[in-house]
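One structure is given here, and the rest of the page talks about it.
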Amino acid sequence: MIYGILRYPHPNSRYYESTRTLLSNEFQILMNGTGETYEMIGYKTIGGVELFCFSLDAPLKDQTRKILHRISSLHILFEIEDGLRLLPLNEDRSSYFKDDMASILKYSGKTNEEFTAMMINLGVFSSSFADKYDTPLTVFDPMCGRGTTLYKSLIMGYNASGIDIDKNDVSEINQYMKRYLKYHMYKHEAEHQTINMFGEHKGTKYTITTADTKENYKAKDVRVIQFAQGDTRESNCFFRKEQFHIFVTDLPYGVQHSTVSTTKFVDILELLKSSAREWHLLLKKGGAGVIAYNTHHIGRTVISEVFKNAGFEVLEHSPYNEFEHWVEQAVNRDLLIVRK
Ligand SMILES: C[S@@+](CC[C@H](N)C(=O)[O-])C[C@H]1O[C@@H](n2cnc3c(N)ncnc32)[C@H](O)[C@@H]1O
């Protein structure tokens with residue numbers, strides 16, 4: 001049986017071009033997580049439509065279709081009959097919250113939403129929790145900015161936690177989440193706490209508990225989003241050890257996206273050296289981390305060493321080492337995928 005994936009026509013044409021390779025790599029990591037045997041055929045043009053094609057010995061299982069529907073740049077999944085007839089298989093594609101939760105906020109320095117979804121998928125399917133991908137795992141973004149990872153995690157049905165040093169960013173997440181949930185009439189409860197340690201003020205942590213339906217909220221089948229204003233080098237002051245199944249982050253690019261000085265002069269190497277160990281402590285055993293970095297700013301060998309020294313295993317074989325792509329003149333992005 002032959003199947004084809006039509007890529008989502010991303011409005012950023014350079015990113016759309018990059019998804020040719022990104023999709024094929026994400027596909028392999030998700031499929032490897034299913035344990036299903038497949039053969040990649042690659043890109044083929046059928047009736048003028050370019051599809052990423054693969055074959056399976058047996059008809060696609062419902063479970064595998066559900067996993068493929070998660071691929072971040074998948075627009076339509078087709079079964080291909082007789083090499084030319086396309087049968088769409090997008091039925092029962094669903095999400096926990098609506099997609100607009102991540103797309104409403106627009107700001108400079110925002111991480112592309114589809115790319116963020118890909119990082120979450122890569123983390124989940126590279127971890128020992130791949131078989132629990134449709135249960136409420138907990139995702140951590142140790143430099144969460146204004147929260148793209150948090151919203152994308154909730155949309156996928158996961159719990160989400162984040163920390164950022166920028167007060168304005170964290171305050172924006174708090175206001176936006178409350179506004180969004182109220183507007184859509186999602187039941188929720190919000191609280192915050194001041195974090196002090198050894199008599200020193202570390203920051204503020206916000207917690208919002210909500211659910212996709214009133215019934216689920218009442219039955220306490222809820223999702224929790226937590227976000228803290230604080231320094232990622234002190235993440236352990238804010239969150240419990242071995243709490244997170246995966247972590248996902250888009251490192252500061254060394255490009256000034258805001259007028260806030262904290263994003264302006266970040267020495268990435270120093271920051272990572274003092275953070276990677278903190279992130280390791282917060283991750284469950286078998287958990288995975290996905291780190292996006294600017295190759296103009298830090299080299300792959302150097303960043304790999306930092307994570308190895310912090311106790312992580314770095315996944316170095318193909319396709320884990322094939323995510324490099326151009327973003328803008330000053331940013332050439334790559335991913336490091338690590339496991340605890
Ligand atoms: C590329 S941005 C992340 C953008 C985010 N993914 C989003 O879509 O909003 C990197 C973030 O790292 C944060 N950052 C830099 N140094 C930090 C530190 N020491 N602790 C916590 N966050 C830090 C910056 O404030 C910035 O928001």
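The values are calculated or read from the model by the stated rules, or taken from the named source; none is laboratory data. Predicted model only: the values in this text are computed from it and were never measured. Cβ: placed from backbone, ideal geometry, glycine included. Neighbour counts: every protein chain shown. Accessible surface areas use protein heavy atoms only, side chains included; no ligands, DNA or RNA. Shrake-Rupley method; radii C 1.70, N 1.55, O 1.52, S 1.80 Å.
What to note about this one:
- Among (1) in the same structural domain as Gly289 (by TED's automatic domain parsing); (2) farther than 18 Å from Gly162 by Cα - the single one Ile71 does not satisfy: (1)
- Of the residues making up region 138-164, those that are in a helix (DSSP H, G or I) and within 13 Å of the ligand (Cβ to nearest atom) are Thr148, Thr149, Leu150, Tyr151, Lys152, Ser153.
- Among the residues listed as Thr116, Thr111, Thr135, the single one being open to solvent by 10 Å² or more (accessible area, probe 1.4 Å), at pLDDT 95 or above and either more than 13 Å from the ligand (Cβ to nearest atom) or part of a helix (DSSP H, G or I) (or both): Thr135
- Against the list (1) modelled with pLDDT under 95; (2) part of a strand (DSSP E or B), the condition His257 fails is (2).
- The set of residues from region 85-108 being over 17 Å from Pro9 (Cβ atoms), among the hydrophobic types (A, V, I, L, M, F, W, C) and open to solvent by 10 Å² or more (accessible area, probe 1.4 Å) comprises Leu87, Leu89, Ile104, Leu105.
- Checking each residue in region 196-225 for being assigned to a strand (DSSP E or B), open to solvent by 30 Å² or more (accessible area, probe 1.4 Å) and in contact (Cβ under 8 Å) with a residue 40 or more places away in the chain picks out Met197, Val224.
- Within region 13-60, being closer than 26 Å to Glu113 by Cβ, open to solvent by 80 Å² or more (accessible area, probe 1.4 Å), touching a residue at least 40 places away in the same chain (Cβ under 8 Å) and among the charged types (D, E, K, R) holds for one residue alone: Arg14.
- Taken over region 297-308, the criterion of being modelled with pLDDT of 95 or more and either exposed (fewer than 13 other Cβ atoms within 10 Å of the Cβ) or touching a Gly at 6+ places or on another chain (Cβ under 7 Å) (or both) is satisfied by Thr301, Val302.
- Search result, residues across region 270-296 that are away from the ligand (no atom under 14 Å from the Cβ) and assigned to a strand (DSSP E or B): Leu283, Lys284, Lys285, Gly286, Gly287, Ala288, Gly289
- Every condition in (1) within 15 Å of the ligand (Cβ to nearest atom); (2) under 18 Å from Phe97 (Cα atoms) holds for Glu172 except the one numbered (2).
- Restricting the first member to region 111-126 and to residues that are within 17 Å of Val327 (Cα to Cα) and without any contact (Cβ under 8 Å) to a residue 40 or more places away in the chain, and the second to residues that are open to solvent by less than 10 Å² (accessible area, probe 1.4 Å) and aromatic (Phe, Trp, Tyr), the beta-carbon pairs closer than 9 Å and six or more apart or on different chains are Glu113/Tyr151.
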